[in-house]
Amino acid sequence: MSEPDKTASGGTFSLGAVERVLMAASMGVLCLLTMANVLVRYFTDISFAFTEEISVALLVVMTLVGASHAFASRHHIAITFFIDRRPAFKSAARRFAELCSLAMFGLLAWYGVRMAWDDYRFEVTSPSLGVPQWWYTVWLPLLSILIVLRLVALLLRRAD
């Protein structure tokens, strides 16, 4: 588990706690939107199509915040078939997996920035609500950068 950071006020600040709140809030809003859509559709035969747009954005946020938290707390999925047979390779395999994850989320951040910038530059609007599409796409690179920073911190901590 990572150490909480001290704030200027003397209290503690835990990025993990913020991530857990964001994951819970995303899941709560997602459940409420889905339940409202189901109830309205059941009783009126009308669908709130715009809720799908918001739900997809919330799923992306929840997934990426959850991935960041999983890397930081070392609760990510690990396939240990080979490591269980050769424990000597455990450290090297873990570092290799972290470097591969770093490369993948680095690329995701890079291309996510380009996609969000294109959405902003070309004034793309969302299909249902008609709001700027970059409001949704900007979260992909921002949260990917958070994951990259978490992985770099994890690699640096292991280097000590």
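The values are calculated or read from the model by the stated rules, or taken from the named source; none is laboratory data. Quantities reported herein were computed from a predicted structural model and do not represent experimental measurements. Positions of Cβ are generated from backbone atoms using ideal geometry, with glycine treated the same way; all protein chains shown enter the neighbour counts.
Values computed for the structure shown
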{"read-out": "Tabulated pairs, segment 128-150, first closer than 16 Å to GLU19 by Cα, second of a type in the set (S, T, N, Q) and crowded, with 21+ Cβ neighbours inside 10 Å, C-beta under 7 angstrom, 6+ apart or interchain", "value": "LEU143/SER68; LEU146/SER68; ILE147/SER68; ARG150/SER68"}
{"read-out": "Pairs where the first residue, in segment 84-95, is closer than 19 Å to LEU155 by Cα and the second is at pLDDT 90 or above, C-beta under 9 Å, 6+ apart", "value": "ARG95/LEU155"}
{"read-out": "Set VAL29, VAL38, VAL61: member being part of a helix (DSSP H, G or I), of a type outside the set (Ser, Thr, Tyr), in contact (Cβ under 8 Å) with a residue 40 or more places away in the chain and surrounded by 11 or more Cβ atoms within 10 Å (Cβ to Cβ)", "value": "VAL61"}
{"read-out": "Selection within segment 116-133 - in contact with a strand residue (DSSP E or B) (Cβ under 9 Å, 6 or more places away or on another chain) and of a type outside the set (Asp, Glu)", "value": "TYR120, VAL124, THR125, SER126, VAL131, PRO132, GLN133"}
{"read-out": "Wholly enclosed helices (runs of 4 or more DSSP H) of segment 70-160 bearing at least 3 residues surrounded by 11 or more Cβ atoms within 10 Å (Cβ to Cβ), at pLDDT 90 or above and within 15 Å of the chain's Cα centre (by Cα)", "value": "90-121, 139-159"}
{"read-out": "Odd one out for LYS6, checked against (1) modelled with pLDDT of 85 or more; (2) touching a strand residue (DSSP E or B) at 6+ places or on another chain (Cβ under 9 Å)", "value": "(1)"}
